[in-house]
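Chemist: What follows is a structure written as structure tokens; I'll ask about it next.
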Number of protein chains: 2
Amino acid sequence: MVSKNQIKLITSLQQKKYRKQEQLFFAEGVKVVQELLNSNFELVYLFTTKEDFSDVSKDKIYAITDAELKKISALSTPNSCLALFRIPEAKPFVEKGLIVALDDVRDPGNLGTIIRLCDWFGIETLYCSEESVDIYNPKVVQATMGSISRVNIVYGNLETLLSKTKLPVFGTFMDGKNIYQEKLPKEGIIVMGNEANGISVAVEKLVSERIAIPRFGNLQLTESLNVATATAIILSEFKRG
Amino acid sequence: MVSKNQIKLITSLQQKKYRKQEQLFFAEGVKVVQELLNSNFELVYLFTTKEDFSDVSKDKIYAITDAELKKISALSTPNSCLALFRIPEAKPFVEKGLIVALDDVRDPGNLGTIIRLCDWFGIETLYCSEESVDIYNPKVVQATMGSISRVNIVYGNLETLLSKTKLPVFGTFMDGKNIYQEKLPKEGIIVMGNEANGISVAVEKLVSERIAIPRFGNLQLTESLNVATATAIILSEFKRG
């Protein structure tokens, strides 16, 4: 069963303020929870309606009912288990290889998808501007499908990073060079912009390599690409060789 | 103002059954509504809290309050206008060029993103299996950002299509050929699978070209790519030349 205090704690963790204060976050669903259990995250409690999680120490498991799960879940259709983990200390930022940097990406689904893409393409470090959505937001955690445990994610001042770096800084702009015709390096920082405004003016000044994904549809009318699908195409180009 | 009957009608259109019965759908937000107004969709009513839409005939515009908009909106944060359009007759399916075919894609956000990608990459036809989510689902309409007006979308029996086609049929599988090393044709059907199960066994038998997007991350652990990001990478490869 789940206590009133636990319900209060877990629901409070939907807000960044309380995640920061408690240094805790939660994940839901067997697949995501199992991936985090298999990684270095420290489990605090595990609430489950059915799975037995044989490798988790019994004093951390609470058997709960569907009705109790509904009280603590952030999902509209709760998914049999919810686990509370400690937020680990951020690893130091290593300026090496290909780095993806986000300039205020706000949508949790987009951030989750981008983390999953970094994992797929072997990008070890994701740098997020301070205004980007928090990776421990429950919707981000769900969208990563466990990839969150395999990518080093660092928050900080993006302008400071870009003004000091010796790596080439790539940014996508309508007037950039056709990415399909560029020789892309093995090291660099790839900046992806905010959903509504793209790359900010201050960050744009720090971009050394302006690139573009060519459009093949109706040039006048086609909307820009979503930031997560643009990231997919750009990482594919950098990695395909 | 908005009448009780209008509220009843519009909220019913969140369900496919009523969209089919009434042959109507709705779109929200200035950007999406404006894109549909600029296309061939036939406007029935336009409800708005502020924009004046000077090119819309006055007898179709209803000025409403924020509280009224909230009653008809499918969004948690309604967006100043909602327009009701007639569902057009599906255009005939033309088996030519590159075609994207969906084998039971169920998530509205994924379908919306894929429509936007088809628009970007100049894919004229999107073929959806009968079990795929309906394109006139409000969440799909929102996610397309207006691209829905520029891609011909046909629903039908995917197995029947694939068993008759003379075009090569591409499908993504773990054991497929590295897409980065294949010479990809200008014509063909690219099948994308269901979110949970991938391409179904029956459809897999009809795939003539098995391809794969190589992984660069931890081979053991990395989750598969989301269907929309996989579509982005595949279309980019077909079109980059």
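The values are calculated or read from the model by the stated rules, or taken from the named source; none is laboratory data. What you see is a predicted model, and the numbers here were worked out from it, not measured in a lab. For neighbour counting, all protein chains shown are included, and Cβ atoms are generated from backbone atoms with ideal geometry for every residue, glycine included.
Chemist: For the stretch B:54-94, how many residues meet the condition of being crowded, with 18+ Cβ neighbours inside 10 Å, touching a Phe, Trp or Tyr at 6+ places or on another chain (Cβ under 6 Å) and within 19 Å of residue B:148 (Cβ to Cβ)?
Modeler: Residues meeting the conditions: 3.
Chemist: Any residue that is among the β-branched types (Val, Ile, Thr), farther than 28 Å from residue B:18 by Cα and over 15 Å from the mean Cα position of the chain (by Cα) - is there at least one of those in the stretch B:154-164?
Modeler: Initially, the stretch B:154-164 is screened for residues among the β-branched types (Val, Ile, Thr), giving B:154, B:160.
With the extra rule that they be farther than 28 Å from residue B:18 by Cα, the set shrinks to none.
Checked the stretch B:154-164: no residue is among the β-branched types (Val, Ile, Thr), farther than 28 Å from residue B:18 by Cα and over 15 Å from the mean Cα position of the chain (by Cα).
Chemist: Here's another thing I want to ask about it. Consider the stretch A:125-148. How many of its residues are at the interface with another protein chain (Cβ under 10 Å from one of its Cβ atoms) and surrounded by fewer than 23 Cβ atoms within 10 Å (Cβ to Cβ)?
Modeler: Within the stretch A:125-148, the first condition is being at the interface with another protein chain (Cβ under 10 Å from one of its Cβ atoms), and the residues that meet it are A:143-147.
Narrowing further to those that are surrounded by fewer than 23 Cβ atoms within 10 Å (Cβ to Cβ): A:145.
Residues in the stretch A:125-148 being at the interface with another protein chain (Cβ under 10 Å from one of its Cβ atoms) and surrounded by fewer than 23 Cβ atoms within 10 Å (Cβ to Cβ): 1 in total.
Chemist: Spot the failing condition for residue B:183; the list is (1) within 18 Å of the chain's Cα centre (by Cα); (2) over 21 Å from residue B:125 (Cβ atoms); (3) more than 11 Å from chain A (Cβ to nearest Cβ), and only one is missed.
Modeler: Residue B:183 satisfies all of (1) within 18 Å of the chain's Cα centre (by Cα); (2) over 21 Å from residue B:125 (Cβ atoms); (3) more than 11 Å from chain A (Cβ to nearest Cβ) except (1).
Chemist: Let me ask something else about it. Kindly evaluate residue A:203 against the criterion of being buried (at least 16 other Cβ atoms within 10 Å of the Cβ) and within 15 Å of the chain's Cα centre (by Cα). Don't jump to the end; show me each part of the working.
Modeler: Details: buried (at least 16 other Cβ atoms within 10 Å of the Cβ): yes; within 15 Å of the chain's Cα centre (by Cα): no.
So residue A:203 fails the test.
Chemist: May I ask you to list the residues in the stretch B:77-125 that are among the basic types (Lys, Arg) and over 22 Å from residue B:207 (Cβ atoms)?
Modeler: If we filter the stretch B:77-125 for residues that are among the basic types (Lys, Arg), which is where we start, we get B:86, B:91, B:96, B:106, B:116.
If the condition is that a residue be among the basic types (Lys, Arg) and over 22 Å from residue B:207 (Cβ atoms), then B:86, B:91, B:116 are the ones that fit.
Chemist: Out of the residues in the stretch A:178-200 meeting the condition of being small (Gly, Ala, Ser) and surrounded by 15 or more Cβ atoms within 10 Å (Cβ to Cβ), tell me which one is nearest to residue A:128 (Cα to Cα). Give the derivation first.
Modeler: From the stretch A:178-200, those small (Gly, Ala, Ser) are A:188, A:193, A:196, A:198, A:200; that's our starting set.
Among the residues that remain, those that are also surrounded by 15 or more Cβ atoms within 10 Å (Cβ to Cβ) are: A:188, A:193, A:198, A:200.
Values: A:188: 15, A:193: 11, A:198: 14, A:200: 14 Å.
This residue is A:193.
Chemist: Run down A:112, A:122 and say which single residue is in contact (Cβ under 8 Å) with a residue 60 or more places away in the chain and either within 23 Å of residue A:232 (Cα to Cα) or more than 14 Å from chain B (Cβ to nearest Cβ) (or both).
Modeler: A:122
Chemist: Picking from B:36, B:9, B:43, B:24, which residue would you name as being of a type outside the set (Lys, Arg), in contact with a Gly (Cβ under 8 Å, 6 or more places away or on another chain) and not assigned by TED's automatic domain parsing to the domain that holds residue B:169? Full working, then the answer.
Modeler: Numbers: B:9 fails: in contact with a Gly (Cβ under 8 Å, 6 or more places away or on another chain); B:43 fails: in contact with a Gly (Cβ under 8 Å, 6 or more places away or on another chain); B:24 fails: in contact with a Gly (Cβ under 8 Å, 6 or more places away or on another chain).
Within the list B:36, B:9, B:43, B:24, the selection yields B:36.
Chemist: Quick one: which of B:180, B:155 is out of contact with any helix residue (DSSP H, G or I) (no Cβ under 9 Å at 6 or more places or on another chain), among the aromatic types (Phe, Trp, Tyr) and touching a residue at least 24 places away in the same chain (Cβ under 8 Å)?
Modeler: Every option except B:155 fails the conditions.
Chemist: Quick one: is residue A:161 without any contact (Cβ under 8 Å) to a residue 60 or more places away in the chain, in contact with a strand residue (DSSP E or B) (Cβ under 7 Å, 6 or more places away or on another chain), crowded, with 20+ Cβ neighbours inside 10 Å and not assigned by TED's automatic domain parsing to the domain that holds residue A:31? First the steps, then the outcome.
Modeler: Working: without any contact (Cβ under 8 Å) to a residue 60 or more places away in the chain: no; in contact with a strand residue (DSSP E or B) (Cβ under 7 Å, 6 or more places away or on another chain): yes; crowded, with 20+ Cβ neighbours inside 10 Å: yes; not assigned by TED's automatic domain parsing to the domain that holds residue A:31: yes.
No: the conditions fail for residue A:161.
Chemist: Continuing with this model, one more query. Within the stretch B:84-109, take every residue that is within 27 Å of residue B:30 (Cβ to Cβ) and within 14 Å of chain A (Cβ to nearest Cβ) and give me the one that is farthest from the chain's Cα centre (by Cα).
Modeler: B:107
Chemist: Let me ask another. Given the options A:22, A:51, name the one that is in contact with a Ser or Thr (Cβ under 9 Å, 6 or more places away or on another chain), over 30 Å from residue A:233 (Cα atoms), at pLDDT below 95 and surrounded by fewer than 18 Cβ atoms within 10 Å (Cβ to Cβ). Talk me through it step by step, then tell me what you get.
Modeler: Values: A:22 fails: at pLDDT below 95.
The conditions single out A:51.
Chemist: Okay, moving on. For the stretch B:122-150, what are the residues that are touching a helix residue (DSSP H, G or I) at 6+ places or on another chain (Cβ under 7 Å), under 21 Å from residue B:86 (Cβ atoms) and in a strand (DSSP E or B)?
Modeler: B:126 - this is the single residue of the stretch B:122-150 that is touching a helix residue (DSSP H, G or I) at 6+ places or on another chain (Cβ under 7 Å), under 21 Å from residue B:86 (Cβ atoms) and in a strand (DSSP E or B).
Chemist: Restricting attention to the stretch B:24-53, report how many residues are in contact with a Phe, Trp or Tyr (Cβ under 8 Å, 6 or more places away or on another chain) and without any contact (Cβ under 8 Å) to a residue 40 or more places away in the chain.
Modeler: 3
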